[in-house]
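First comes the structure, then the notes that go with it.
The values are calculated or read from the model by the stated rules, or taken from the named source; none is laboratory data. As the structure is a computational prediction, the values presented were derived from the model and not from experiment. Cβ: placed from backbone, ideal geometry, glycine included. Neighbour counts: every protein chain shown.
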Amino acid sequence: MTVSPHVILDQVSFAYGERVAISDLSLTLKERRVGLIGSNGSGKSSLLRLIHGLAQPTKGSVTTLGLSTKADRKKIPSRVGFLFQDPDRQIIFPTVGEEIAFGFEEQGRTRREARNEALSWLTRYGRSDWPERGVQELSEGQRQLVCLISVIALDPGLILLDEPFASLDLRTRLAFADQLEALPQPLVMASHDFDFLTRFERIIWLEHGRIQADGPPETVLSAYEAAARAQPEVMP
């Protein structure tokens with residue numbers, strides 16, 4: 001069976017002022033689980049932002065779920081979910097119920113319908129007592145769960161995740177990883193969590209905005225670790 005690509009980058013470059021973050025990158029992503037690795041500043045976050053249309057290439061084109069991130073930029077947020085590393089960058093409402101209901105209201109549901117949907121999703125995750133809770137009362141891991149529910153409740157066709165485990169304790173990370181693995185949607189995730197990435201189909205190692213290696217986890221993760229051990233202070 002032929003699998004249609006969910007992301008296509010065609011000779012894409014992207015720069016912040018004078019700093020080049022992505023350099024002449026061409027990629028086609030078809031796999032259900034794609035991991036992005038690389039040292040800090042290697043271009044992982046920039047690549048995710050380009051796929052979502054949050055950033056626009058300075059050269060080349062990006063197509064996500066058949067949509068041009070430039071021409072169809074307004075359509076993409078309803079089709080592609082994005083989970084940031086820091087939940088406080090994503091949460092905009094004071095209570096959990098309002099945060100999750102917002103996406104449904106944006107889809108045209110009435111306020112009551114949106115609140116009922118939010119409660120239904122919270123109940124699925126054993127959090128039926130959360131709708132009126134202030135988000136600042138929650139731990140960071142709990143706030144990250146709120147963000148995840150907000151994203152998946154809208155049934156996006158693709159989910160992008162930028163270091164979602166970075167500040168979670170081990171217990172929360174393990175539970176969160178299980179929740180992510182159970183999702184039916186394809187994921188593209190930047191992460192340093194190699195234990196989780198071993199479950200992925202494809203790993204792309206970026207350095208200086210270019211592909212250093214691309215392949216199955218057992219090959220790419222081993223190569224990355226070997227390079228880190230050989231040059232512990234400066235990655236290639």
task: Please find, among ALA182, ALA230, the residue that is out of contact with any strand residue (DSSP E or B) (no Cβ under 7 Å at 6 or more places or on another chain), surrounded by fewer than 19 Cβ atoms within 10 Å (Cβ to Cβ), of a type in the set (Gly, Ala, Ser) and under 25 Å from VAL7 (Cβ atoms).
output: ALA182
- line: Residue pairs within 6 Å by beta carbon, gap of at least six or interchain, first lying in region 108-137 and not assigned by TED's automatic domain parsing to the domain that holds PHE176, second assigned to a loop (DSSP other than H, G, I, E, B) and surrounded by 14 or more Cβ atoms within 10 Å (Cβ to Cβ), listed first then second, are LEU119/PRO131; TRP121/ALA153; LEU122/TRP130; VAL135/ILE91
- line: Residue pairs within 9 Å by beta carbon, gap of at least six or interchain, first lying in region 83-98 and free of Cβ contacts under 8 Å to residues at least 12 places away in the same chain, second aromatic (Phe, Trp, Tyr), listed first then second, are ILE92/PHE102
message: Take the conditions in contact (Cβ under 8 Å) with a residue 60 or more places away in the chain, farther than 16 Å from VAL151 by Cα and out of contact with any helix residue (DSSP H, G or I) (no Cβ under 8 Å at 6 or more places or on another chain) and apply them to GLY17. Does it pass?
response: no
message: Condition first: out of contact with any Lys or Arg (no Cβ under 6 Å at 6 or more places or on another chain) and either in a loop (DSSP other than H, G, I, E, B) or over 22 Å from LEU67 (Cα atoms) (or both). Now tell me which residues in region 36-53 satisfy that.
response: ILE37, SER39, ASN40, GLY41, SER42, GLY43
query: Within the group ILE100, ILE91, which residue is part of a loop (DSSP other than H, G, I, E, B) and either in contact with a Cys (Cβ under 8 Å, 6 or more places away or on another chain) or crowded, with 18+ Cβ neighbours inside 10 Å (or both)?
result: ILE91
field: Looking only at region 35-49, and only at residues there that are surrounded by 15 or more Cβ atoms within 10 Å (Cβ to Cβ) and not small (Gly, Ala, Ser), the one that is farthest from the chain's Cα centre (by Cα)
entry: ILE37
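Yes/no matrix, rows are residues, columns are (1) more than 22 Å from ARG79 (Cβ to Cβ); (2) acidic (Asp, Glu); (3) crowded, with 18+ Cβ neighbours inside 10 Å:
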| residue | (1), (2), (3) |
| --- | --- |
| GLN107 | no, no, no |
| ASP129 | yes, yes, no |
| GLY157 | no, no, no |
| THR219 | yes, no, no |
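For (1) of a type outside the set (Ser, Thr, Tyr); (2) at pLDDT 90 or above, each residue gets a yes or a no:
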{"site": "GLU140", "(1), (2)": "yes, no"}
{"site": "CYS147", "(1), (2)": "yes, yes"}
{"site": "ASP162", "(1), (2)": "yes, yes"}
{"site": "SER167", "(1), (2)": "no, no"}
{"site": "PHE194", "(1), (2)": "yes, yes"}
query: Counting just the residues of region 12-34 that are under 15 Å from GLU207 (Cα atoms) and small (Gly, Ala, Ser), which one comes out surrounded by the fewest Cβ atoms within 10 Å (Cβ to Cβ)?
result: SER26
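Surrounded by fewer than 22 Cβ atoms within 10 Å (Cβ to Cβ) and under 28 Å from ALA227 (Cβ atoms), is that true of SER61?
no
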statement: Those residues of region 160-194 which are in contact with a Lys or Arg (Cβ under 9 Å, 6 or more places away or on another chain) and farther than 27 Å from ILE76 by Cα amount to ASP193
